[in-house]
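Peer 1: Just dropping this structure here.
The values are calculated or read from the model by the stated rules, or taken from the named source; none is laboratory data. Quick caveat: nothing in here was measured; it's all calculated off a predicted structure. Reconstructed Cβ throughout: ideal geometry from the backbone, glycine too, with neighbour counts over all protein chains shown. Just so you know, the surface numbers come from the protein's heavy atoms only, side chains and all, with ligands and any DNA or RNA stripped out. Shrake-Rupley method; radii C 1.70, N 1.55, O 1.52, S 1.80 Å.
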Amino acid sequence: MPDLPFRCRALRAVSSDGAHRHAHELGQLIFLRRGAMLCQSASLRWLLAAGQIGWIPAGVEHSAEQVSDLDGVAAYVDSGVFAQLPPHVLIAPASRLLGPLLERQLAYEAEPWEGRRRRLAEVIVDELLQLEGLPQQLPLPEEPRLRRLCLQALGALDKAWALDDLATAHGFSRATLTRAFARHTGLSFGRWLSQARMLAAAQALNAGREAGAVALEVGFQSFSAFCAAFRRHHGVSPGEFQRAQITA
């Protein structure tokens, strides 16, 4: 059978050390029923977890670490045919339709492309375009001093990082650091740090850590503030997120 512009396969994998940096010739659309995977490109880090949809455009070089056993559906999509697909990585809560639509498309894999298989692929793409991305993709600046600063913060997310101290330690004035950080990441340092904490929290919760302990590990003294921040970033509470990881 010739290559088709939209192909699905079941995604089931046991957690491992992950895949080394690679890129796909086609765009990759992933729906997870269970589990999570942490991915990183040269300029971005993101987590895809159960109940979410992830889109990785063709040619984006990235590594992927399976945080826990995976169960879901992966689709490989030709962006030349479906040109309206976004040119950037997208992580979003799966709509009530999109997960079941991908499951149905998987059942059509043995059928001819022309007909309901093609029509359903077009509906899936249209549905994907309606989703609003979650703010859990973490940009990693390429500028060396900013990258070292970010890696320092990622190594101790429980610390109350002061922007003045970081600026002095890495050879910036506060004003210069503020401007450079926004220019290279599109975020303020405070917004970036919040997203970094929520990404680390999701990874820890997915591994089965207790939510109160996770809150402290990522710098929250108030559990209610942690829960509110987690819901803003991931669309669900910490408890709902953990339950989704074990629901097949």
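Peer 1: Going by alpha carbons, how many degrees (0 to 90, nearest 10) lie between the helix axis of 144-154 and the longest principal axis of the chain?
Peer 2: That helix lies at roughly 90 degrees to the long axis.
Peer 1: Quick one: pull the percent of accessible area on the range 117-248 belonging to carbon and sulfur, 1.4 Å probe, ligands and nucleic acids left out. Walk me through the intermediate numbers first.
Peer 2: Values: 3420 of 6550 Å².
Using a 1.4 Å probe with all protein chains present, the range 117-248 comes out at 52 percent carbon and sulfur.
Peer 1: With θ taken as phi - 60° and the coefficients 6.51, -1.76 and 1.60, list the Karplus ³J(HN,Hα) couplings across the range 208-213 in order, rounded to whole Hz; mark glycine and proline as x.
Peer 2: For the range 208-213, the Karplus-derived couplings read x, 5, 6, 4, x, 5 Hz, x marking Gly and Pro.
Peer 1: R0 = 25 Å: FRET efficiency of D126 with A23, Cβ-based, nearest 0.05?
Peer 2: On the way: r = 26 Å, r/R0 = 1.04.
Once the sixth-power term is evaluated, E becomes 0.45.
Peer 1: Could you work out how far helix 174-185 tilts from the main Cα principal axis of the chain, as a 0 to 90 degree angle to the nearest 10?
Peer 2: On a 0 to 90 degree scale, this one is about 10.
Peer 1: Now a separate question. Do any trypsin sites (Lys or Arg not before Pro) in the range 73-156 lie in a DSSP loop with no more than 10 other beta carbon atoms within 10 Å, and if so, which? Spell out each step's value before the answer.
Peer 2: On the way: sites: R96, R104, R116, R117, R118, R119, R145, R147, R148; in loops: R96.
For trypsin sites (Lys or Arg not before Pro) across the range 73-156 that sit outside H, G, I, E and B with at most 10 neighbouring Cβ atoms in 10 Å, the list reads R96.
Peer 1: Give me the accessible area of S41, 1.4 Å probe, in Å² rounded to the nearest 10.
Peer 2: 10 Å²
Peer 1: Could you list the GluC sites (Glu not before Pro) in the range 41-147 that lie in coil according to DSSP, counting only those with at most 15 other Cβ atoms within 10 Å of their Cβ?
Peer 2: Working: sites: E61, E65, E103, E109, E114, E122, E127, E132, E142; in loops: E61, E109, E114, E132, E142.
Taking the range 41-147 and a limit of 15 other Cβ atoms within 10 Å, the loop GluC sites (Glu not before Pro) found are E61, E109, E114, E132, E142.
Peer 1: To the nearest 20 debye, what charge dipole does the range 1-144 have about its Cα centre, counting +1 at the Cβ of each Lys and Arg and -1 at the Cβ of each Asp and Glu?
Peer 2: Working: 13 positive and 18 negative charges, 94 e Å.
I would put it at about 460 debye.
Peer 1: If you don't mind, there's one more thing I want to ask. With a 1.4 Å probe and every protein chain left in place, work out the accessible area per residue of the chain in Å², rounded to a whole number. If you can, show how the numbers build up before the last one.
Peer 2: Values: 11930 Å² over 248 residues.
Per-residue value: 48 Å².
Peer 1: Let me ask you something else. Any idea how far apart R145 and A13 come out in nm if each label point goes 7 Å out from Cα toward Cβ?
Peer 2: 3.8 nm
Peer 1: Dipole of the chain (Lys/Arg Cβ +1, Asp/Glu Cβ -1, origin at the Cα centre): which of W192, Q28, V77 lies farthest to the positive side?
Peer 2: Positive-end residue among those listed: W192.
Peer 1: So how strong a dipole does the chain carry about its Cα centre when Lys and Arg Cβ are +1 and Asp and Glu Cβ are -1, to the nearest 20 debye? Display every interim value, and only then the final one.
Peer 2: Numbers: 26 positive and 24 negative charges, 101 e Å.
In total the dipole reaches around 480 debye.
Peer 1: Got a number for the accessible area of D158? Probe 1.4 Å, square angstrom, nearest 10.
Peer 2: The accessible area comes out at roughly 90 Å².
Peer 1: Run lengths n ≥ 4 of DSSP H only: what is the helix-derived mean residue ellipticity at 222 nm for the chain, with -39500 (n - 2.57) per run over all residues, to the nearest 500? Each step should come with its number before you reach the end.
Peer 2: Details: 9 runs with 99 residues, N = 248.
One gets -12000 deg cm²/dmol as the mean residue ellipticity at 222 nm.
Peer 1: About its Cα centre, what dipole magnitude does the range 152-221 give when the only charges are +1 on Lys and Arg Cβ and -1 on Asp and Glu Cβ, stated in debye to the nearest 20? Provide the component values of the computation, followed by the final result.
Peer 2: Working: 7 positive and 5 negative charges, 63 e Å.
For the range 152-221, the charge dipole is close to 300 debye.
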